[in-house]
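Trainee: Let me give you the structure first, and then I'll get to my questions.
The values are calculated or read from the model by the stated rules, or taken from the named source; none is laboratory data. Only a predicted model underlies this, so the values are computations on that prediction, with no experimental measurement involved. Neighbour counts run over all protein chains shown; Cβ positions are idealised from the backbone, glycine included. Heads up: the accessible areas ignore ligands, DNA and RNA and are worked out on the full protein's heavy atoms, side chains in. Shrake-Rupley method; radii C 1.70, N 1.55, O 1.52, S 1.80 Å.
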Amino acid sequence: MKNFEERLKGGHPNSLGNTIEIVEEVLAENKHFNELFNCYFSDDEVVRLRTSNAMKRICKAKKSILIPYLDQFLTEIAQIDQASTQWTLSQLFEMLEKDMTENQIEEAKKIMKRNLVNHNDWIVLNETMATLTKWSKKDTKLKDFIVPHLERLTTDGRKSVSGRAKKMIAQLEKD
């Protein structure tokens, strides 16, 4: 046991704390990934935030470590009501798309559609719009779903959200 949960606690909530060090340990010894993954179930939201950050870093460096956990991301992790977890899922789904089964992709779409409809966090909305827009270029049903939501978000009071929605609409019109 590397005691990742304890090592991810504390400090300023927006800091990485020991995240980089832990990512390096997991990349060096993949057998420790499960312990890090289980930090998603911590009662400490900072631990969960840093766990999400670690997942993105590990996925970029060696995504094969995450692939056996895809079903758990789609079921257990998707149920975590924390913005950082939800925006990370959108990013991971985009990075792992080629490694996902059709059923996993459909489940990922359901999760992101739910977030696009129900979430108010600006990063969740931006990351979800980006992945769904990319995926909708080869899925007309998804495109039919996303366009009205993108149009709705063009009037969002937050410039990053409205600007991203306009950019996503322009991308879809281009294709």
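Trainee: Whole angstrom only: what separates the Cα centroid of region 1-70 from the Cα centroid of region 108-136?
Mentor: Taking the Cα centre of each part, region 1-70 and region 108-136 sit 23 Å apart.
Trainee: If I fit a long axis through the Cα atoms of helix 102-118 and take the longest principal axis of the Cα atoms of the chain, what angle between them do I get, 0 to 90°, rounded to 10?
Mentor: Result, in degrees: 70.
Trainee: Then there is this: Considering only the other residues whose Cβ falls under 13 Å of the Cβ of K113, what net charge follows from Lys and Arg at +1 and Asp and Glu at -1?
Mentor: Cβ neighbours under 13 Å give a net charge of +1.
Trainee: Give the value in nm², to one decimal: projected area of the alpha carbon convex hull of region 1-67, averaged over all directions.
Mentor: Average of the hull's projected areas for region 1-67 equals 4.0 nm².
Trainee: What is the helix-to-structure angle for 159-174, meaning the angle in degrees between its Cα long axis and the longest Cα principal axis of the chain, kept from 0 to 90 and rounded to the nearest 10?
Mentor: Around 60 degrees separate the two axes.
Trainee: Provide the three semi-axes, in whole Å and in decreasing order, of the ellipsoid equivalent to the chain as defined by the square roots of 5 times the Cα gyration tensor eigenvalues.
Mentor: Calculated on Cα positions only, the semi-axes equal 30, 18, 13 Å.
Trainee: Continuing with this model, one more query. If the only charges are +1 at each Lys and Arg Cβ and -1 at each Asp and Glu Cβ, what is the size of the charge dipole of region 19-119 around the Cα centre, to the nearest 20 debye?
Mentor: Magnitude of the dipole: close to 360 debye.
Trainee: Count the net charge of all other residues whose Cβ sits under 12 Å from the Cβ of T75, scoring Lys and Arg as +1 and Asp and Glu as -1.
Mentor: -2
Trainee: By the gyration tensor of its Cα atoms, with a ≥ b ≥ c the square roots of the eigenvalues, what is the shape of region 28-132: rounded for a/c under 1.5, prolate for a/b over b/c, or oblate?
Mentor: Numbers: a/c = 1.74, a/b = 1.21, b/c = 1.43.
The shape class here is oblate.
Trainee: Spin-label point model (7 Å from Cα, Cβ direction): what's the S64 to E6 distance in nm?
Mentor: Placing both labels 7 Å along Cα→Cβ, they lie 3.3 nm apart.
Trainee: Hey, if we sort Y40, Y69 by accessible area with the 1.4 Å probe, largest down, what's the order?
Mentor: Reading off the accessible areas and sorting them downward yields Y69, Y40.
Trainee: While we're looking at this one, here's another question. Rounding to the nearest 10 and keeping the result within 0 to 90°, find how far the Cα-based axis of helix 122-136 lies from the longest principal axis of the chain.
Mentor: In the chain, helix 122-136 runs at an angle near 70 degrees to the longest axis.
Trainee: Okay, moving on. Using 16 Å as the cut-off for backbone N distance, which residues of region 65-87 belong to the label zone defined by a point 7 Å from the Cα of F41 along Cα→Cβ?
Mentor: Under cut-off, by backbone N: 69-81.
Trainee: What does the charge count around G163 come to, taking other residues whose C-beta lies under 15 Å from its C-beta (Lys +1, Arg +1, Asp -1, Glu -1)?
Mentor: Local net charge: +3.
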